[in-house]
1. So, of the residues in region 1-36 that are within 14 Å of the chain's Cα centre (by Cα) and of a type outside the set (A, V, I, L, M, F, W, C), which turns out to be surrounded by the fewest Cβ atoms within 10 Å (Cβ to Cβ)?
2. Quick check on this structure: which one of 94, 66, 51, 37 is in a helix (DSSP H, G or I) and over 19 Å from residue 176 (Cβ atoms)?
3. In this structure, is residue 187 in contact (Cβ under 8 Å) with a residue 40 or more places away in the chain and over 27 Å from residue 23 (Cα atoms)?
4. Select, from 205, 247, the only residue that is closer than 25 Å to residue 99 by Cβ, within 24 Å of the chain's Cα centre (by Cα) and surrounded by 16 or more Cβ atoms within 10 Å (Cβ to Cβ).
5. Out of region 83-97, which residues are surrounded by fewer than 16 Cβ atoms within 10 Å (Cβ to Cβ) and at pLDDT 95 or above?
6. Just checking, how many residues over region 1-22 are in a helix (DSSP H, G or I) and either farther than 22 Å from residue 239 by Cα or touching a Ser or Thr at 6+ places or on another chain (Cβ under 6 Å) (or both)?
7. Looking only at region 181-202, count every residue that is over 19 Å from residue 241 (Cα atoms), loosely packed, with under 15 Cβ neighbours inside 10 Å and β-branched (Val, Ile, Thr) and tell me the total.
Amino acid sequence: MGIESIENVAVIGAGTMGSQIAMVCSLAGYPVTLQDVSAESLEKAKQFLGVQMEKRVKKGRFTAEVAEAAFSRIAYTSSLDELKEADLVIEAIVEKLDVKRELFKKLDEITPPHAILATNSSTIVSSKIADVTGRPDKVCNIHFFNPALVMELVEVVKGPHTSEETAQTSMDFVKKINKLPVLLNKEISGFIANRILGKLMDEAVYLLENGYASHEEIDLVCTKALNHPIGPFALMDLTGIDVNYFVRMQRYEESGNERDKPAKIVQEKVEKGELGRKTGKGFYTYDNQKAAVK
């Protein structure tokens, strides 16, 4: 299967990542079906993308006509049966292995035999999912970074089951949607960027929990001394503190190592429902998408 075989794209999960991935593909000219079990999530995705695209039109990134055409190529559905013509499926749902395995089993039954089934997960490698399908050679990781509308890099990961053809087609597709792909020839949880970032996050949380500095000060050091565009706590708020929690729980379940468990402060935030920007409060409090010191 070559890049020319990909005509219809499906994205599963209408959260922050899934909705942006759908728009990225649509902007490149692909008809996209965005699926989510929640009608409310689909409606929120429409509104979110409307705001994001309006900002970009105002900034002159592209014209209103380009934005309208991109929206016209996205279909919204709560039914997986609508994916019968998908040539490429990108899954962007919750970071829970059992939920992903159940989904991929259904996708294998619904989508055409030639379709590539990819997960956007950077934590759950595709070899943990591929065996529930009858096409493990067509299963891989295609990992976008948040915000997907802005971030240029995409990690494509070739599992031991993934064919060379699938890996190459995925790489070519990423280029076709105007992103920069990097190919990992072997699986490793977290891939490249998040493994490096994870070490930074762990140290930042350690320094906060042990009273060395506030989260604001730690973020300030990272932005002003290390020249990072955003500090680790602001970044956790942006991506979702629950995402950090689920990633760490998945790692702990795999290793059994207590050190891999989510940090206490992260667990407390999740229990309180303070998940970051999407709930209006995380490490920072948000008003009109602007951080306010707690």
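1. By that ranking, first place goes to 15.
2. Details: 94 fails: in a helix (DSSP H, G or I); 66 fails: over 19 Å from residue 176 (Cβ atoms); 37 fails: in a helix (DSSP H, G or I).
On inspection, the qualifying residue turns out to be 51.
3. Judged against the criteria, residue 187 is a match.
4. Just a single option satisfies the conditions, and that option is 247.
5. Selection gives 84, 85.
6. Step one: filter region 1-22 for residues in a helix (DSSP H, G or I), giving 3-5, 16-22.
Of the ones still in play, those that are also either farther than 22 Å from residue 239 by Cα or touching a Ser or Thr at 6+ places or on another chain (Cβ under 6 Å) (or both) are 3-5.
Residues in region 1-22 being in a helix (DSSP H, G or I) and either farther than 22 Å from residue 239 by Cα or touching a Ser or Thr at 6+ places or on another chain (Cβ under 6 Å) (or both): 3 in total.
7. So the count comes out to 1.
The values are calculated or read from the model by the stated rules, or taken from the named source; none is laboratory data. No experiment lies behind these values; they were computed from the predicted model shown. Cβ sites come from the backbone with ideal geometry, for glycine too, and all protein chains shown count toward neighbours.
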